[in-house]
1. At 0.36 nm per residue, minus the direct Cα-Cα distance, what do LYS201 and GLU217 gain on full extension? Give it in nm, one decimal, please.
2. Dividing the Cα convex hull volume of the chain by residue count, how many Å³ per residue is that?
3. Could you calculate the contour length gain from ASN191 to SER224, that is, 0.36 nm times the residue separation minus the distance between their Cα atoms, to one decimal place in nm?
4. Per DSSP H run of at least 4 residues, take -39500 (n - 2.57); add these up for the chain, divide by its residues and hand me the 222 nm value, nearest 500 deg cm²/dmol.
5. Between ALA286, ALA87, ALA79, which gets the highest mean-square fluctuation from a Gaussian network model of the chain, Cα cutoff 10 Å?
6. How much of the DSSP beta bridge set in the chain is antiparallel, as a percent to the nearest 5?
7. For the stretch 76-172, report the translational diffusion coefficient in µm²/s to the nearest whole number, using Stokes-Einstein at 37 °C, 0.692 mPa s, and a Kirkwood Rh over Cα pairs.
8. As an exercise, use a Förster radius of 35 Å and the Cβ-Cβ distance of ILE86 and ASP27 to find the FRET efficiency, rounded to the nearest 0.05.
Amino acid sequence: MEIDKRIQFNSDGKLIHFLNIEGLSKDQIIEILDIAENFIETSNKKNKNLENKTVASLFFEPSTRTKTTFELASKKLSADFINIDIANSSTLKGESIIDMIKTLEAMSCDMFVVRHSISGTPHFIAKEVGEKISVINAGDGIHAHPTQAMLDMFTIRKYKNKFEGLSVAIVGDILHSRVAKSLITSLTTLNVKNINVIGPKILMPENLDTLKVNYHENLETGISKCDVVIMLRLQKERMHEALISTDDYYQNYGLTKKKLQSAAKDVIVMHPGPINRGIEIDSEVADGKNSVILDQVTSGISIRMAIMTLIIKNRA
Ligand code: CP
């Protein structure tokens, strides 16, 4: 499916959907981080930014963090929030996604938060919805997870106070990771020049050479002196066959306290979750003093509040 990455902007260049990081300027990313920071400063106090709006979440794939923080964010913005139970919806009786969306539009939904295993599904929906309705990508196939990348940028700025001059390592299954692709685009837009991607060659995308990153096959070399280390899960649900044994993976790429010593002394360790302890990360690191993994989860509330607020404001 050809993915139209410009569809999230209106004719004035304003964001009316949030579907991918591509196309966002550095200033647009910083604006979202600043809005989120304001929410944090007021302890995410409830406001009326989405009063009289209805948000429907459509998760065709499992989720804990993204789904729950979108629900919390919607409620803090005073929206009515509907969680569609896909497993018991009429899609099981053959209803198409578009017929489902049109049905929900008839119930006056204003915003759809969509996660789907097929890349481009939120973009496809954004093309089909009425002109006053917004779509947010909550993760599509192996393509993008833009709100996760935004909360990761928020976390990096919180701990490092800057982007330029940082060395950031992204470790693991880049090939199947939508998070990695959105992260690389975000970091590049924010002028992070030293982005290392680390993992076995078999888990690297074909277009690696076209990305502005340095590839390392060895973990300790790749994370050497890095300020930020972002660990990824093996995305087994997106592999047609087992590409690597978990034992081999842990031996070579599992982040232990000892291996982490090659990174900068004040390194932060991040992970979008869910984490698989003993495969890509040891508990000693996941729960250790350098880990900001649970802080990432918390930042997800204010970042999603910021994105929803901005989209609705741009439509006013
Ligand atoms: N990071 C992330 O997308 O987690 P969930 O699958 O739990 O939403």
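1. My answer for the length gained is 5.1 nm.
2. Hull volume over Cα atoms, normalised by residue count, gives 132 Å³.
3. 9.9 nm
4. It lands at -11000 deg cm²/dmol.
5. ALA87
6. Taking every DSSP beta bridge with both residues in the chain, the antiparallel ones total about 5 percent.
7. 207
8. Rounded to the nearest 0.05, the efficiency is 0.45.
Bear in mind that the values in this text are calculations on the coordinates, not laboratory data. Small disclaimer: the values here were computed from a predicted structure and weren't measured. No Cβ is skipped: glycine too gets one built from the backbone with ideal geometry, and neighbour counts run over all protein chains shown.
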